[in-house]
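Chemist: Quick one: the structure is below, and I'll ask about it shortly.
We did not get these values from a lab; they are worked out from the coordinates using the rules stated. In this text the structure is predicted, and so the values were computed from the model without any measurement. Note that each Cβ is placed from the backbone with ideal geometry, even for glycine, and that neighbours are counted across all protein chains shown.
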Ligand SMILES: Nc1ncnc2c1ncn2[C@@H]1O[C@H](COP(=O)(O)OP(=O)(O)OP(=O)(O)O)[C@@H](O)[C@H]1O
Ligand SMILES: [Mg+2]
């Protein structure tokens, strides 16, 4: 299989007053279609900066980024937005859902920006995405009527609705307890294995990285190490081996 993304000597500098912050100092790696990559590193190491560039939400100061073989530098704003919408689904730590808006409508949102999608198509595709995250029965609930883990699943459904080839997630389990984190990781492994989605998942936590097939460790804006995971853990097994507690409700 080919590379879904390739980055070469990527640098990102931020000018803050008279200072230059070098967030990425020349990062190179490639991700094959179908991989499940985690990006780790301490706070300030450049993880979010990296992911925002991979998601075409930000541009590198220098270096190359090829998304599915296309050099993003050569695209104008509209072409870049189209490519991003087609290829990438983004999941954030803060679920970024619209309040007072149903789960279904939140998931429909990315389709509103697409021409030629009928109202019915939009509903159908959003329902399919909600089914993928096992929340179809909550389609008419607003975010405040859902748990944190359920809200994150709505956000994942929103990322899936355009049928992207790649999911980028920035600390998507950062606000969740262990059990709910493992539920989200079970879903991520399913999306990776059953639906063939490439996943790039930023996390602080080694036990979350253990569910991925490879880890890139960033340190001060450079790759400190890039290692395949020989012993990928099953999130479902990890979930099932947690002690059962009445405090939790498993949906
Ligand atoms: N818009 C910005 N303007 C100025 N500096 C920035 C900006 N965004 C990030 N930085 C700086 O770049 C460096 C990397 O930040 P980044 O947010 O990528 O780190 P991170 O690894 O995601 O950290 P965390 O784990 O805390 O989320 C930091 O020193 C940060 O202060
Ligand atoms: Mg970050």
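Chemist: Quick one: divide the alpha-carbon radius of gyration of segment 158-228 by 2.2 N^0.38 Å and tell me what you get. Intermediate values should be presented prior to the final figure.
Modeler: Numbers: Rg = 12.6 Å, N = 71, 2.2 N^0.38 = 11.1 Å.
Dividing the Cα radius of gyration by 2.2 N^0.38 Å gives 1.14.
Chemist: With each label point set 7 Å from Cα along the Cα-Cβ vector, what nm distance links residue 61 and residue 96?
Modeler: Output for this residue pair reads 2.4 nm.
Chemist: So what's the back-of-envelope 222 nm ellipticity for the chain, counting only DSSP H runs of four-plus at -39500 (n - 2.57) apiece and dividing by all residues, rounded to 500? Please list the in-between numbers first.
Modeler: Values: 8 runs with 82 residues, N = 251.
One gets -9500 deg cm²/dmol as the mean residue ellipticity at 222 nm.
Chemist: Please compute the contact order of the chain in relative form: average sequence separation of alpha-carbon pairs under 8 Å and at least six residues apart, divided by the residue count, as a percent.
Modeler: Numbers: 473 pairs, mean separation 64.3, N = 251.
Relative contact order here is 26 percent.
Chemist: Could you grab the Rg to Rh ratio for the chain? Cα atoms only, Kirkwood for Rh. It would help to have the intermediate numbers written out before the result.
Modeler: Numbers: Rg = 18.2 Å, Rh = 18.8 Å.
With Rg and the Kirkwood Rh in hand, the quotient comes to 0.97.
Chemist: Direction-averaged shadow area of the convex hull around the Cα atoms of segment 90-186, nm²? Don't jump to the answer; show the numbers that get you there.
Modeler: Working: hull surface 23.6 nm².
It is 5.9 nm².
Chemist: Multiplying the sequence separation of residue 9 and residue 77 by 0.36 nm and subtracting their Cα-Cα distance, what value in nm do you get? Could the numbers behind the result be given before it?
Modeler: Details: separation 68, 0.36 × 68 = 24.48 nm, distance 2.27 nm.
Full extension of this stretch gives 22.2 nm more.
Chemist: Starting from the Cα of residue 222, step 7 Å toward the Cβ, then list every residue of segment 18-57 with an amide N under 13 Å from that point.
Modeler: 24-28, by backbone N distance to the label point.
Chemist: How would you order 17-24, 139-146 from highest to lowest mean count of nearby Cβ atoms within 10 Å?
Modeler: On the way: 17-24: 13.1, 139-146: 15.4.
Output ranking for 17-24, 139-146: 139-146, 17-24.
Chemist: I need the shape label for segment 60-120. Rule: rounded when a/c is under 1.5, else prolate if a/b > b/c, else oblate, with a, b, c from the alpha carbon gyration tensor.
Modeler: On the way: a/c = 3.20, a/b = 1.71, b/c = 1.87.
Because a/c hits 1.5 or more and a/b fails to exceed b/c, segment 60-120 counts as oblate.
Chemist: Express the relative contact order of segment 156-248 as a whole percentage, based on alpha carbon pairs under 8 Å and six or more residues apart in sequence.
Modeler: In percent, rounded to a whole number, it is 28.
Chemist: A further question on this structure: Roughly what % of DSSP beta bridges within the chain run antiparallel, to the nearest 5?
Modeler: Working: 24 of 41 bridges.
Of the beta bridges lying entirely in the chain, close to 60 percent run antiparallel.
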